[in-house]
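A short write-up of the structure that comes next.
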Amino acid sequence: MIQTLQVRSSKQTELIDITRPVVEAVQKTGMTEGLCVIFIPHTTAAVTINENADPSVPRDILMELNKVVPFEDRYQHSEGNSAAHIKSSLVGCSRTLFIESGKLLLGTWQGIFFCEFDGPRSRQVHVKVVKG
Ligand code: ZN
């Protein structure tokens, strides 16, 4: 069974902590050992894992991504959101995590972030738990 979480972004680019809803999705399955696959079904968004203790970390990540891939350049894509497509590919649309003893095996400072690169929008996050 795939669970689909709804995420609402409020800015053009934004990292949104989705750790809690993903943990809840895992708990809902009752699975104690396995894998949790997170998949983002969008071409201008992504998912990453990084520090969620200090909110300046996701802000810094976003600031540098926005510098590395400028919003305006000689892009050919007529929709005008090439920067968002590029950032989506750089960060990636999927992550796989371990589930041990019913818990997601994240490091002390790690959190899961939905990465919005072309907001604000309503977005989806697919979560599938696989026994193993
Ligand atoms: Zn586009």
How many Å² of accessible area per residue for the range 66-132, probe 1.4 Å? 61 Å²
Once phi is turned into ³J(HN,Hα) by the Karplus curve 6.51 cos²θ - 1.76 cosθ + 1.60 with θ = phi - 60°, what whole-Hz value does each residue of the range 94-106 show in order, with x for glycine and proline? 8, 9, 10, 10, 8, 10, 10, 6, x, 10, 6, 7, 10
For Gln124, list long-range residues whose amide hydrogen, built 1.01 Å from N in the peptide plane, is under 5 Å from its own amide hydrogen. Val7
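Ranked by accessible surface with a 1.4 Å probe, highest first, in what order do Met1, Met63, Met31 come? Can you show the working numbers first?
Details: Met1 155, Met63 95, Met31 45 Å².
Correct descending sequence by accessible area is Met1, Met63, Met31.
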Given 13 as the ceiling on other Cβ atoms within 10 Å, longest exposed-site-free region of the chain for GluC sites (Glu not before Pro) in DSSP loops: 80-132
With a ≥ b ≥ c from the Cα gyration tensor eigenvalues, square-rooted, and the rule rounded for a/c under 1.5, otherwise prolate when a/b > b/c and oblate otherwise, the chain is prolate
Find how many whole Å separate the alpha carbon centroid of the range 15-51 from the alpha carbon centroid of the range 68-126. 12 Å
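The values are calculated or read from the model by the stated rules, or taken from the named source; none is laboratory data. Keep in mind that what you see is a predicted model, and the values were worked out from it rather than measured. Please note: Cβ atoms are built from the backbone with ideal geometry, for glycine as well, and neighbour counts cover all protein chains shown. Accessible surface is based on the protein model in full, side chains and every heavy atom, while ligands, DNA and RNA are left aside. Shrake-Rupley method; radii C 1.70, N 1.55, O 1.52, S 1.80 Å.
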